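Accompanying notes for the structure given below.
The values are calculated or read from the model by the stated rules, or taken from the named source; none is laboratory data. Owing to the predicted nature of the structure, the values given are computational and were not obtained by experimental measurement. Here the Cβ positions follow ideal geometry from the backbone for every residue, glycine too, while neighbour counts run over all protein chains shown. Just so you know, the surface numbers come from the protein's heavy atoms only, side chains and all, with ligands and any DNA or RNA stripped out. Shrake-Rupley method; radii C 1.70, N 1.55, O 1.52, S 1.80 Å.
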Amino acid sequence: MITDARVLQPEFVPGEVQHRDAEVNHLSAALRPLIDGDPTDPVLIDGPPGVGKTCIARFTVERLREASVALNHQYVNCWEEYSRFKTLYQILDGVASTIDIHRQSTPTDVLLDRLRDYDGPPYIVILDEVDQLEDKSLLYDLYRIPELTMVLIVNDEAQLFAGLDDRLNSRLNACTRVHFDTYPKSELTAILHDRVRWGLNADYLQDGVLPTIAELAAGDARTAIGILRQAAHTVHTNSHDMLTDSIAEEVAPAARTEIRRNAVERLTHHQEVIYTIINEAGEITPGDLYEAYRDRVDNSKTKRTVRNYLAKLEQYNLIAADGQTKGRRYRTLTDAALA
DNA sequence: CCTCCACTGGAAGCTGCGGTAT
DNA sequence: ATACCGCAGCTTCCAGTGGAGG
């Protein structure tokens, strides 16, 4: 039933977008001076997960590039390229040769210098999930490179600003903001409809299944498309003759935890043990947690390191911490349905 | 209300790794 | 070979904080 699997992938950028005209126009207008070679302030895109921030940013920049020959652009996911070095490397990779740059022995200053020396056409850098960036001062360094224009994408605006110093704080506060809200059910259904049109055989769809999926996804397009993908996959592998509401409902939890599972897979053994302990307990005090952790691994890390792990797990939204100092409790954030 | 102390998170220092330079 | 370099991950140290119990 799947005719083009690409359109169901999370990173797929459609050739046309619906329902986000206002945001696309807002973003293009903010970046338009670049076409005339004028310097442009950064743009800050914010909104909850799965509302098309990444998609619209990439789409708009791509369209801008088509309208102007002299424009470079690069997309960097700060979750994956979380360190200063990795981010800089990706950015530099978009415009210059990086073959002689070696991961270990090249100081990050050299990367930055090279980027400062850049004198090509205007360069748009999309920094996705920028709140995940470890060293936010990099943003200040990038800000001061005139040829470089940043498009910053954040889920949690407060968390981003908390990590910034005053200089950058006031500057980013003043820059163009594009805010995304969750999709209404009708728009989500329309988006799913497009994906079906591009990549699925609609004969296999039960009437009304797309609104059901939209309902299950609660305004989150990434989840909606994930459910559609997994449901289509289920229909295909089990040779069902229809994608029904019940199949959609069946795969929905798995689709919802997919992103979380990817995050868990990225954890080290020690981090995973800690995550498991919290999951099993539901809620636990720091003292009990550390004790349980030490019982369960061979060469346990120190408490301080475990605290760093906990901060990381919290940032990945795998766990939550309530209360201050002695009242602190760590708890699970989800259904914990990890296969 | 006051004191204790479990806990947090910043800072500095150490180590091992992957790499270059001599 | 050997010395050296920068980084990431870890540890050690510590000042600060707020909940619990006298």
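Numbers for the structure displayed
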| quantity | calculated |
| --- | --- |
| A:Val251 vs. criteria touching a Lys or Arg at 6+ places or on another chain (Cβ under 6 Å), surrounded by 14 or more Cβ atoms within 10 Å (Cβ to Cβ) and β-branched (Val, Ile, Thr) | no |
| Residue list for region A:102-128, filter: within 15 Å of A:Gln74 (Cβ to Cβ) and under 27 Å from the mean Cα position of the chain (by Cα) | A:Leu111, A:Leu115, A:Pro122, A:Tyr123, A:Ile124, A:Val125, A:Ile126, A:Leu127, A:Asp128 |
| Residue in region A:140-181 that is farthest from the chain's Cα centre (by Cα), counting only those that are polar (S, T, N, Q) and buried (at least 17 other Cβ atoms within 10 Å of the Cβ) | A:Thr149 |
| Lone qualifier among A:Ala320, A:Ala337 - being outside any helix (DSSP H, G or I), on the phi < 0 side of the Ramachandran plot, at pLDDT 90 or above and away from DNA strand C (no atom under 14 Å from the Cβ) | A:Ala320 |
| Total residues in region A:292-309, condition away from DNA strand C (no atom under 12 Å from the Cβ) and among the hydrophobic types (A, V, I, L, M, F, W, C) | 1 |
| Selection count, region A:284-323, where residues are farther than 25 Å from A:Asn262 by Cβ and either surrounded by fewer than 18 Cβ atoms within 10 Å (Cβ to Cβ) or more than 9 Å from DNA strand B (Cβ to nearest atom) (or both) | 16 |
| Condition met for A:Leu127 (part of a helix (DSSP H, G or I), modelled with pLDDT of 85 or more and open to solvent by less than 10 Å² (accessible area, probe 1.4 Å)) | no |
| Where A:Glu265 falls short, out of the listed (1) within 20 Å of the chain's Cα centre (by Cα); (2) free of Cβ contacts under 8 Å to residues at least 12 places away in the same chain; (3) surrounded by 14 or more Cβ atoms within 10 Å (Cβ to Cβ) | (3) |
| Matching residues, region A:215-232, being in contact (Cβ under 8 Å) with a residue 40 or more places away in the chain and not in a helix (DSSP H, G or I) | A:Gly219, A:Asp220 |
| Enumeration of residues in region A:108-124 that are part of a strand (DSSP E or B) and either aliphatic (A, V, I, L, M) or in contact with a Lys or Arg (Cβ under 6 Å, 6 or more places away or on another chain) (or both) | A:Ile124 |
| Filtered residue count, region A:291-305, keeping only those that are part of a loop (DSSP other than H, G, I, E, B) and not charged (D, E, K, R) | 4 |
| Filtered residue count, region A:48-89, keeping only those that are modelled with pLDDT of 90 or more and closer than 20 Å to A:Arg222 by Cα | 12 |
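For (1) touching a Ser or Thr at 6+ places or on another chain (Cβ under 6 Å); (2) loosely packed, with under 14 Cβ neighbours inside 10 Å, each residue gets a yes or a no:
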site	(1), (2)
A:Asp21	no, yes
A:His26	no, no
A:Pro33	yes, no
A:Asp36	no, yes
A:Pro39	no, yes
A:Gly50	yes, no
A:Arg65	no, no
A:Ala70	no, yes
A:Phe85	yes, no
